[in-house]
Every structure is written in structure tokens, then in C-alpha cells.
Amino acid sequence: FAAPSSTTTFIKPSLLLNKTTTNTRRRHFFRTKIMAQGSSSYLAPDTYHSMSPSDEELIFLHCMLRASNLDKTMAFFHALGLKETRRKDSEKGKFTLVFMATSPGAPEIEITYNWGDEEEVFAPPSRSMGHLAFATADIYTLCKELQEKGITILRPPRDGRMAFVKSPDGISVELLQKGEALAPAEPWTSMENTGSW
């Protein structure tokens with residue numbers, strides 16, 4: 001996937017929400033520059049490295065998930081629409097870090113894969129983890145595409161608003177419809193829940 005150009009301007013959300021800004025054309029320009037990277041994008045390509053310590057605002061960067069099988073975990077998040085943004089292999093630490101995001105500059109998930117025997121390096125997720133959440137333009141279409149890729153829809157979008165799936169390692173992922181809920185539609189309306197999420 002294409003990285004942002006060197007001329008891309010990254011604007012923090014707090015700047016866009018500044019009520020003292022009255023120049024409508026300037027606000028529209030800033031919004032357009034961000035939307036070109038995806039509506040969830042606000043980080044520079046190198047994330048925290050280019051941030052100034054003089055800015056005291058706390059910035060969310062990523063959520064780390066451990067994977068027992070890196071390829072299967074990446075395939076799951078690829079199916080959701082995430083793309084690999086960067087990775088690091090550590091011979092000394094015997095691990096691989098893969099960062100994935102919905103678009104360049106969006107907050108990332110950090111997939112940590114420890115090399116070696118699975119029983120030694122991976123523990124099942126705790127219910128304390130809760131879930132990840134992503135908003136989609138068409139929840140019915142996304143759920144159908146996930147089904148076609150072998151992913152079970154644990155909580156079908158019967159209400160046209162919300163669904164749940166799980167990663168290969170049992171991490172719950174909530175899918176939410178952008179804007180208003182879609183009108184009820186089959187096969188989702190009559191589809192039962194599967195397992196837990």
C-alpha cells in the first residue's frame with residue numbers, strides 16, 4: 001500500500017475541533033488532507049518519532065496483541081481491511097512485531113509473535129481484554145465477505161448496527177455500522193448467535 005507523501009500534512013483532531021477557528025476554507029483544507037489518508041488517520045507515518053515533546057497532549061498509538069500463528073492472525077485482520085504498515089524482526093529477542101492499521105496514520109494494532117514453541121510463548125486471551133472495534137460503511141457486506149473467507153460471525157448484525165467476530169487466537173472484534181443502522185435484512189435477521197464474543 002502507498003505510504004503518505006512527504007508533503008502530507010498531519011493535523012491532530014484537537015486542532016480540527018478548535019472552536020476559535022473561523023476560517024471555513026482553512027478548516028476544509030485541513031479536513032481534506034486528513035481524509036486523503038482515511039478518516040481515522042492523524043499520526044505521522046513514523047508515529048511517535050516525529051512528535052514534539054513540547055506538545056503535552058496524550059496520543060493513542062496502538063494496541064498490542066499476541067499471536068500464536070502470525071500468518072493466520074494477519075490474514076484475519078487483512079480480511080477486516082487492515083494493512084501492514086511496518087514490522088520488526090528481532091534475532092536477539094526472538095520475536096516479530098507487525099503493525100497493521102486501517103489507513104496510513106491511523107492508530108495501529110501491534111501483533112507480537114514470539115518465536116518458539118507455542119505453549120511456551122502464548123497464553124489465551126483474558127476476558128479482561130474486552131474487544132477491538134471498527135466502523136464499516138456496510139456491515140452486511142463486510143460480514144458476508146468475512147464469511148466467504150471462513151470467519152464465523154458470532155453475533156450477526158440482526159439490528160443492522162453491530163456484529164462480533166474473533167481472531168484466530170480468540171480476540172473479540174466488534175464491527176459497527178457507520179451512521180444510521182441498516183434496515184433489517186436476511187440472512188442476518190434470523191441468524192442465531194454462535195458461541196461467545
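The values are calculated or read from the model by the stated rules, or taken from the named source; none is laboratory data. A quick note: this is a predicted structure, and the numbers were derived from the prediction, not measured. Cβ: placed from backbone, ideal geometry, glycine included. Neighbour counts: every protein chain shown. Heavy atoms of the whole protein, side chains included, go into the accessibility calculation; ligands, DNA and RNA do not. Shrake-Rupley method; radii C 1.70, N 1.55, O 1.52, S 1.80 Å.
Tabulated results
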{"read-out": "Answer residue from the range 148-167, given it is within 16 Å of the chain's Cα centre (by Cα) and not hydrophobic (A, V, I, L, M, F, W, C) and is farthest from residue 68 (Cα to Cα) among those", "value": "166"}
{"read-out": "Hits in the range 173-197 (condition: over 24 Å from residue 75 (Cβ atoms) and among the acidic types (Asp, Glu))", "value": "180, 186, 192"}
{"read-out": "Selection count, the range 52-62, where residues are surrounded by 16 or more Cβ atoms within 10 Å (Cβ to Cβ) and part of a loop (DSSP other than H, G, I, E, B)", "value": "0"}
{"read-out": "Residue count for the range 63-80, restricted to those that are over 16 Å from residue 172 (Cα atoms) and surrounded by 15 or more Cβ atoms within 10 Å (Cβ to Cβ)", "value": "1"}
{"read-out": "Residue tally, condition within 27 Å of residue 110 (Cβ to Cβ), open to solvent by 30 Å² or more (accessible area, probe 1.4 Å) and touching a Phe, Trp or Tyr at 6+ places or on another chain (Cβ under 8 Å), over the range 152-197", "value": "5"}
{"read-out": "Residue check, residue 100 modelled with pLDDT of 90 or more, crowded, with 16+ Cβ neighbours inside 10 Å, touching a Leu at 6+ places or on another chain (Cβ under 6 Å) and among the hydrophobic types (A, V, I, L, M, F, W, C)", "value": "yes"}
{"read-out": "Hits in the range 112-133 - residues which are more than 10 Å from residue 68 (Cα to Cα), open to solvent by less than 50 Å² (accessible area, probe 1.4 Å) and at pLDDT 90 or above", "value": "132"}
{"read-out": "Some residue of the range 157-172 being modelled with pLDDT under 95, of a type in the set (Asp, Glu) and closer than 25 Å to residue 72 by Cβ", "value": "yes"}
